[in-house]
């Protein structure tokens, strides 16, 4: 009987430690961005301690520090049911995401969500969370290259070129191979973020079409840029 009681006591202590961690995080965020801390408090109700909490703690602490730099945060939006739903679902993904770079993407999404006051209807309509599960930093890196406005040095003295050559040129510091870039573009097309023609991608064409790829970004891709790149 004593052994059972000791085990019960140990479980209670662990649960207590977890709640203390949650309370500590909420207190920190509340002191930094009070209205944001209030929303977190309602979501964190019975969260368990451990790795999942640590992942959330890592993201939310960084997010709270970055939110201080935003001049005008809408308290009305942060208190809204729309944001609470988005935040709760995103934190659930963060808790289960083992890749630190992916957690950074989720953090950027939450920051831009607050800045742009994303509605829950748009959040669902644009399939943002489902897309985020499949997006990695390399996708955003290539997407940024595709979205760039051509500059004079890219077109000066040329009459033709290849779209793939443009992307390779803009991402040369990454060390990505042509094959890796092509695979990433196939992913972006599959996700509905871009609609690059894989045949035209490697075909010699006029320099304007080769260097300006912005038209290959879909409306959905523009939203992804808004919430993950800007």
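What follows draws every value from the coordinates through simple rules; no lab data is involved. The structure presented is a predicted model; accordingly, all values stated were derived computationally and were not measured. Here the Cβ positions follow ideal geometry from the backbone for every residue, glycine too, while neighbour counts run over all protein chains shown.
Cβ crowding within 10 Å, taken as a proxy for footprinting-reagent exposure, orders 142, 181 from fewest neighbours to most as 181, 142. Dividing the radius of gyration of the alpha carbons in the range 62-132 by their Kirkwood radius gives 0.95 for Rg/Rh.
Can you tell me the length gained on complete extension of the stretch residue 54 to residue 168, counting 0.36 nm per residue apart and subtracting the Cα distance?
Net length gain for the segment: 37.3 nm.
By the count of other C-beta atoms within 10 Å, a proxy for reagent exposure, 139, 27 are ordered fewest to most as 27, 139. Exposure proxy shown here: for 211, 103, the number of other Cβ atoms within 10 Å sets the order, fewest to most, as 103, 211. May I ask you to work out the translational diffusion coefficient for the range 137-228 at 25 °C, viscosity 0.890 mPa s, via Stokes-Einstein with Rh from the Kirkwood sum over Cα pairs, reported in whole µm²/s? The diffusion coefficient I find is 186 µm²/s. Taking 0.36 nm per residue of separation and subtracting the Cα-Cα distance, full extension of the segment from residue 73 to residue 20 would add 16.3 nm. The sum of -39500 (n - 2.57) across all DSSP H runs of n ≥ 4, divided by the residue count of the chain, sets its helix-only mean residue ellipticity at 222 nm to -21500 deg cm²/dmol. Using the average count of surrounding beta-carbon atoms within 10 Å as a protection proxy, the listed peptides 70-76, 183-189, 118-124 rank, highest first, as 183-189, 118-124, 70-76.
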